[in-house]
Structure formats: structure tokens, C-alpha cells
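Following: one structure in C-alpha cells, then a few remarks.
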Amino acid sequence: MAPLLYAQQAPHPAPQARPASPPVIAAHILARLPHDRKAFTEGLFYRDGHLFESTGEVGVSDIRKVDPATGKVIRRVAIDPSLFGEGIAPWGDQIVSVTWKSGKGFRWNRASLRQVGAFNYPGEGWGMTSTATDLILSDGTAQLRFLDPKSFAERRRVTVTFAGRPLANLNELEWVDGTILANVWRQNAIVQIDPETGAVTKVIDLTTLAKEIDAHDVDSVLNGIAWDAKGRRLFVTGKNWPTLFQIAWP
């Protein structure tokens, strides 16, 4: 696995003061399921037996409900073709979605995928997940924003650090067992993050999955984490990947 990328111009603590690197664990594949190889995956979550997925790229971004067993798209809704779709997160009976650089977000009824609201926010939108009380947003930096799910107002931020240094390019997010799992853009790894301190506590190495896919497009990178809390199943995929992997957790 390639070394994780730190934030540009990040401070360099003295070696004796730098925390130890977190443990790295190789992913163990439990199952392989079909995934739409034309889906440029930006967001992913699991609810009530289905996957909900958002895709990116201007002109073709959408939000879809998917049968995880077959990869079949059951229902989809297109995002404004001028926008680049990014992360999604569940909140109540809604899906909250963000876009990349436009500062525009939307609310969708989860059952029908009908748009029921819109809002604006500062900065970029990358990945998103939800807890019982907050939405959590990544924006391509080393910071995660904790947001009010109703107003999208920022409540607090945390800087994610790897061995004491800020870790940039945090992308798709998932809330699992009281921690945050995050893709790191163009890295074959998922990091586990303490939501209070921002410290990376574990790294899941997905190099074997990326090698199996053998994607030749530089943009077809690992991105997409979904947690089935009832079944305790963890799913991962990537942009334009033909496979959805179930991997062991923890």
C-alpha cells in the first residue's frame, strides 16, 4: 500500500513528539456482488435491505436505489445536469445530498427519490455520513464538519490526523460503531477516525481489491463505503468498479 498523503504544508512535529502510526490491517473479502461499472460512485449507504448510491460527473450525476444482490438499479433521479453530484447521507425519511464546487445541496424523499428541499453551504462537498445527531461532511481537506441535519449549520469541526499530521483528501464517509470510516482519494485504503479527536486509529488496506479490479482509468479509484448495521456487513466499492465487495469488520 502506498503511503497515505498528508495535507500540503502540514506541520512536522519533532520525531519524539509524533504519535505512533496506527495499525494497518489487510482487508478480508467475504463476498463479491455486482456493481454498475458505469456508476462514478460518490456516496453510498445501506438502509432496509437496499443500497442508496450517488454518482458524479457533470451531466450524468444521479441518486439511485439499488438491489445489493444483483446490482440492479430499482429507482433513480437525475441531479441538475450542470452540477457534479457528491456525497449522500440518510436523515429520517430523507436523503441529504451535496455537490462538488457549487455549494448547492438537496433533500430527497428516500422512498420515492422525489426532491423535497434545497439549501446552500460554503466550500466544497465531497463525502457525507450521519449519526443520531449530526451530518458529517468532508470537503477534500483534512477537516470534517459536523452539521445540524435540519439547517445544515456547522456545529463544529475536527482535523483528521495520521500519526499526528493532518491527513488530506478525505472523501466518502460512513459512521460505523461510533467511529468514522473514510476513503482517502486515490489511496487504496480506508481510515478509521475517532470523531472526538480526529486521530486515525486504524487503516484498512484494500490494495488486493484494487488489484483485482485492475482499473486503468486514473479516476476509477476506491470510493464508497456502506454499513449494514443490523447484519453487521461492511460493503466497499469504487468509481466505475464492476464489483461491490463485502469485507470483514472489524
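The values are calculated or read from the model by the stated rules, or taken from the named source; none is laboratory data. On a predicted model such as this, the values are computed, not experimentally measured, just so you know. Heads up, the Cβs are rebuilt from the backbone with ideal geometry, glycines too, and the neighbour counts pull from every protein chain shown. Keep in mind that these areas ignore ligands, DNA and RNA; they rest on the heavy atoms of the full protein, side chains included. Shrake-Rupley method; radii C 1.70, N 1.55, O 1.52, S 1.80 Å.
Here are the numbers:
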{"quantity": "Accessible surface of region 71-131 [probe 1.4 Å, protein heavy atoms]: carbon and sulfur percent", "calculated": "52"}
{"quantity": "Sulfur and carbon atoms: percent of accessible area, region 152-201 [1.4 Å]", "calculated": "46"}
{"quantity": "The chain: most fluctuating residue of 92, 164, 127 per GNM, C-alpha cutoff 10 Å", "calculated": "92"}
{"quantity": "Descending semi-axes in Å of the chain, equivalent ellipsoid built from Cα gyration tensor", "calculated": "26, 22, 16"}
{"quantity": "Computed [θ] at 222 nm, helices only, for the chain once each DSSP H run of length n ≥ 4 contributes -39500 (n - 2.57)", "calculated": "-500 deg cm²/dmol"}
{"quantity": "Filtered trypsin sites (Lys or Arg not before Pro), region 136-239: DSSP coil and at most 13 other beta carbons within 10 Å", "calculated": "150, 230, 232"}
{"quantity": "Convex hull per residue volume in Å³, alpha carbons only, for region 119-162", "calculated": "76"}
{"quantity": "Three-way shape label, region 129-250, alpha-carbon gyration tensor, a/c 1.5", "calculated": "prolate"}
{"quantity": "Loop-located GluC sites (Glu not before Pro) in region 163-244 whose Cβ has at most 15 other Cβ within 10 Å (DSSP)", "calculated": "196"}
{"quantity": "In Å², nearest 10: area of residue 50 left accessible to a 1.4 Å probe", "calculated": "50"}
{"quantity": "Per residue, in Å², the accessible surface of the chain once ligands and nucleic acids are set aside, probe 1.4 Å", "calculated": "44"}
{"quantity": "Relative compactness, region 151-216, computed as alpha-carbon Rg over 2.2 N^0.38 Å", "calculated": "1.23"}
{"quantity": "Simple Cβ-charge dipole of region 25-172, Lys/Arg +1 and Asp/Glu -1, about Cα centre, in debye nearest 20", "calculated": "160"}
{"quantity": "Selected from 125, 85, 103 as most flexible by GNM, with the chain as the system and alpha-carbon contacts under 10 Å", "calculated": "103"}
{"quantity": "Cα-Cα separations in region 62-157 greater than 22 Å, expressed as whole percent", "calculated": "25"}
